[in-house]
Amino acid sequence: MDTFLSNLYIGITLASLFLLVGLGLTFTFGQMGVINMAHGEFIMAGAYVPYVLQTTLFAGAKGTAVIVALPVAFVVAGLMGVILERVLLRRMSGRPLDTLLVTFGVSLILQQAAKDLFSANNKEVSTPTFLHGKTELLGVSMTHTRLFLFAVVLLSMGGVAVFLSKLAAGRRMRAVMQNRDLAAVSGLPVSRVDATTFFLGSGLAGVAGVAVSLIGPVGPGTGSAYILSAFLVVIVGGVGSLKGAVLAALALGILNSYVEFSTSSTLARAAVFAFVILFLQWRPNGIVSFRTRGLTA
């Protein structure tokens, strides 16, 4: 029983990371159909933020640096996303393959920029004192770092849910995501909504980067290790669906945990891919798909 619960905990932890990484991509991909290969580099940028703060402004306060890094990383990555959308992607509306190639080139540029600024060597973010130690519950050892990751995910999801349901900007975003053409002819400022969506989606990637920096080294290739998981969450969950992203992340994380415990990490990854392929044969639109009312002639 302890083994079952331990693997369940590991799976939920992995699912939390998958969700945080894929949450932002759910909205940018869902609304604009942009295949943003630079999303991983926004994660990387967010991961470098606590390292920079710990080595400069908060050299003597590692814990404060991590807390401050969360909103700072959100803004930094969000602005990077807005710049990418304004300068390049808005000119490629309806051309997903072009956006894939362009954003892949941008990701390479950002990786090289990180090497020039921080060197190619990995950097370590010091774990704050309040995240040291672990808690035992039902025979499961839960580290405080992982529990902090849970808290960050829950706060991010809560913030996104409030934004989408309570604020006018969030409702406009949902309208554009469900039917872009109908939203445009209804008078919604689609271009401005796109910028807002990219700021939100990219900012969430920055927050994910802070979480990633606490569980592993930070380097120019940090984001590349998570970009595939992000796309799997988006595709299986259903494009643009917050509920679907949560369910997909849980399914993929728990499946990966149990298969890896029984076999190896390589076979676990293969099992996840096989599951995704079979699932999409059954539900090609993902777990949750929008039903929209289109324009009629």
Any idea which of (1) in contact with a Ser or Thr (Cβ under 6 Å, 6 or more places away or on another chain); (2) touching a residue at least 60 places away in the same chain (Cβ under 8 Å) is the one GLY238 doesn't satisfy? (2)
Restricting the first residue to the stretch 245-274 and requiring it to be closer than 18 Å to VAL233 by Cα and in contact (Cβ under 8 Å) with a residue 60 or more places away in the chain, which pairs with a second residue that is assigned to a helix (DSSP H, G or I) and hydroxyl-bearing (Ser, Thr, Tyr) meet a Cβ separation below 8 Å and a spacing of at least six or different chains? ALA245/THR26; ALA249/SER16; LEU252/SER229; GLY253/THR13; GLY253/SER16
Can you find, within the stretch 108-138, the residue that is farthest from the chain's Cα centre (by Cα) among those that are more than 17 Å from THR56 (Cβ to Cβ) and among the basic types (Lys, Arg)? LYS134
May I ask you to list pairs of residues, at least six apart or on different chains, whose Cβ atoms are under 9 Å apart, with the first in the stretch 13-26 being under 14 Å from GLY223 (Cβ atoms) and the second being of a type in the set (S, T, N, Q) and buried (at least 24 other Cβ atoms within 10 Å of the Cβ)? GLY24/SER202; LEU25/ASN36
Sole miss for ASP194 among (1) under 27 Å from ALA47 (Cα atoms); (2) among the charged types (D, E, K, R); (3) surrounded by fewer than 22 Cβ atoms within 10 Å (Cβ to Cβ) is condition (3)
Residue among VAL185, VAL176 that is at pLDDT below 85, crowded, with 19+ Cβ neighbours inside 10 Å and either among the β-branched types (Val, Ile, Thr) or in contact with a Lys or Arg (Cβ under 6 Å, 6 or more places away or on another chain) (or both): VAL176
What's the total number of residues in the stretch 204-220 that are part of a loop (DSSP other than H, G, I, E, B) and either touching a residue at least 40 places away in the same chain (Cβ under 8 Å) or hydrophobic (A, V, I, L, M, F, W, C) (or both)? 5
Evaluate the following for VAL246: is it closer than 26 Å to ALA274 by Cβ, of a type in the set (A, V, I, L, M) and crowded, with 16+ Cβ neighbours inside 10 Å? yes
Only one of ILE12, ILE43 is over 15 Å from the mean Cα position of the chain (by Cα) and hydrophobic (A, V, I, L, M, F, W, C), namely ILE12
Can you name the residue in the stretch 158-173 that is within 20 Å of GLY244 (Cβ to Cβ) and in contact (Cβ under 8 Å) with a residue 12 or more places away in the chain and is also surrounded by the fewest Cβ atoms within 10 Å (Cβ to Cβ) among such residues? ALA161
Checked against (1) loosely packed, with under 13 Cβ neighbours inside 10 Å; (2) in contact with a Lys or Arg (Cβ under 7 Å, 6 or more places away or on another chain), HIS144 satisfies every condition except (1)
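The values are calculated or read from the model by the stated rules, or taken from the named source; none is laboratory data. Model, not experiment: these values are computed from the prediction. Cβ atoms come from the backbone with ideal geometry, glycine included; neighbour counts cover every protein chain shown.
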